[in-house]
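Working notes, beginning with the structure itself.
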Amino acid sequence: MLALADVDAKGFEKTPEELPPGISFSTHIVDVANQARVNEWAGDVVNEHGCVDIIINNAGVASVASIEEIEQEDFNWVFDICFFGVLYGSKAFMPYLKMQKESYIVNISSVNGFVPFPNNGPYNCAKHAVKALNQTMMQELRNSSVKVLSVHPGGIKTNIARNSRVLGSAAENDGANRFASKFDRVASTTAEKTAEMVVQGILKNKKRVLVGTDAVVMDILTRLFPQRFSDYVGKIAMR
Ligand SMILES: NC(=O)c1ccc[n+]([C@@H]2O[C@H](COP(=O)([O-])OP(=O)(O)OC[C@H]3O[C@@H](n4cnc5c(N)ncnc54)[C@H](O)[C@@H]3O)[C@@H](O)[C@H]2O)c1
């Protein structure tokens, strides 16, 4: 049984045909940046479904601009959804998850959670913060029934680039379209494969899942050459 939440009701229109037959689900309109609404949603899910075994905090957005140029509001938009949304979801469902014999909090970070990319400052900061939140909860929930999975995808073929706010000089000369096309060229893993890897991560009791060969390679290079690899990413991405 799935309890699906999104801020955008349109996203649910195709849900019945996208799910395998026989899967029952409920849909909920939730802005994850609104803590009161997230708390209410958690209560609704338990009332409707009886219990919760897994929460996947997945919603995310990006504002593309340099730290120098970005307006505070555009920084906050990303941080409120990508970090506080994940924190609110983790906290709201934790008491219900603790009631289960075995349960999982799955929080979606990114490769940006261990290596930053230029002109993506709010997203880099939020995804690093999600990684820290995940590791903190792993320490604190060590003796409970709740496990935590930190997911770090590389480029995944989704609408994230098209849904991004491309701002300031990054927006010049049709920057939004150039950003989306560049993303489409490098995003090599499907959303279906990502979901499969998350499920495998849960079944194998993993704490961390890297999605895609790009994520695995970036993880190795970050461990070997933390500063030099970050400098290299900056040089390549700013071309
Ligand atoms: N696509 C990638 O390459 C990639 C890589 C690493 C991590 N991620 C992460 O994966 C997650 C999913 O992103 P995606 O790639 O599917 O992007 P997407 O833009 O295709 O989907 C994001 C979803 O989040 C929803 N959403 C946005 N704001 C919301 C809010 N305030 N409340 C509730 N829902 C909201 C959107 O309506 C949309 O359905 C994000 O956390 C993203 O940061 C994506």
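Quick notes on this one:
- Inter-part distance where segment 17-84 and segment 108-122 are each reduced to a Cα centre, Å: 19
- Under 13 Å of direct C-alpha separation, and excluding same-chain neighbours fewer than eight residues apart, LYS127 reaches these aspartates and glutamates: ASP80.
- Volume per residue of the C-alpha convex hull in segment 135-193, rounded to whole Å³: 120
- Under a model in which nothing but the beta-carbon of Lys, Arg (+1) and Asp, Glu (-1) is charged, segment 51-237 shows a dipole of about 840 debye around its Cα centre.
- Mean residue ellipticity at 222 nm, helices only, the chain: -14500 deg cm²/dmol; runs of at least 4 DSSP H residues each add -39,500 (n - 2.57), and the sum is divided by the number of residues.
- Listed residues ILE202, ILE54 arranged by accessible area, highest first, probe 1.4 Å: ILE54, ILE202
- Two numbers describe the Cα atoms of segment 76-132: Rg and Dmax, which are 13.1, 43 Å.
- Top positive-direction residue, dipole computed over segment 51-237 with Cβ charges, set ASN177, GLY85, VAL146: VAL146
- Scalar couplings 3J(HN,Hα) for segment 136-144, obtained by applying the Karplus form with A = 6.51, B = -1.76, C = 1.60 to θ = phi - 60°, are 5, 5, 4, 5, 6, 9, 3, 9, 10 Hz; x denotes Gly and Pro.
- Normalised contact order of segment 1-125, rounded percent, pairs of Cα under 8 Å and 6 or more residues apart: 29
- Principal-axis tilt of helix 213-224 within the chain, Cα atoms, nearest 10 degrees: 70
- For the set PHE117, PHE229, solvent exposure ranked by accessible area (probe 1.4 Å, protein chains only) runs largest to smallest as PHE117, PHE229.
- When the residues MET94, MET137 are ordered by accessible surface, computed with a 1.4 Å probe over the protein chains alone, the sequence from largest down reads MET94, MET137.
- Counting only protein heavy atoms and a probe of 1.4 Å, the accessible surface of the chain is 53% carbon and sulfur.
- Available extension along the chain between LYS101 and GLU18 is 26.9 nm, counting 0.36 nm per residue and deducting the alpha carbon span.
- Using alpha carbons only: equivalent-ellipsoid semi-axes of segment 178-227, gyration tensor based, whole Å: 22, 19, 6
- The value obtained for segment 31-131, namely the Cα convex hull volume divided by the number of residues, is 83 Å³ per residue.
- When each of the peptides 182-188, 124-130, 101-107, 222-228 is scored by the mean number of other C-beta atoms lying within 10 Å of its residues, the order from highest to lowest reads 124-130, 101-107, 182-188, 222-228.
- Think of a 1.4 Å ball rolled over the protein heavy atoms: the chain then has 56 Å² of accessible area per residue.
- Projecting the Cα atoms of TYR96, ALA237, ASN159 onto the charge dipole of the chain (Cβ charges, centred on the Cα centre) puts ALA237 farthest toward the positive pole.
- Taking amide H as placed 1.01 Å from N in the peptide plane, the amide H of VAL148 sits under 5 Å from that of ILE105, each at least 5 places away or on another chain.
- Cross-link reach list, lysines versus LYS131, counting only Cα pairs under 29 Å and skipping chain neighbours closer than eight places: LYS91, LYS98, LYS101, LYS147, LYS157, LYS182, LYS193, LYS204, LYS206, LYS207, LYS235
- Mean Cα-pair separation over length for the chain, i.e. relative contact order, pairs under 8 Å, 6 or more apart, %: 19
- Total charge dipole magnitude, segment 128-237, about the Cα centre, Cβ charges on Lys, Arg, Asp, Glu only, Debye to nearest 20: 300
- Taking the DSSP bridge list for segment 51-237 and keeping only pairs wholly inside it, about 0 percent are antiparallel.
- Within segment 81-169, the percentage of alpha carbon pairs spaced more than 22 angstrom apart rounds to 33%.
- In terms of overall dimensions, the C-alpha atoms belonging to the chain reach 52, 39, 35 Å along their principal axes, ordered largest to smallest.
The values are calculated or read from the model by the stated rules, or taken from the named source; none is laboratory data. Owing to the predicted nature of the structure, the values given are computational and were not obtained by experimental measurement. When we count neighbours, we look across all protein chains shown, and the Cβ atoms used for this are built from the backbone with ideal geometry, even at glycine. These accessible areas exclude ligands, DNA and RNA; they are computed on the full protein's heavy atoms, side chains included. Shrake-Rupley method; radii C 1.70, N 1.55, O 1.52, S 1.80 Å.
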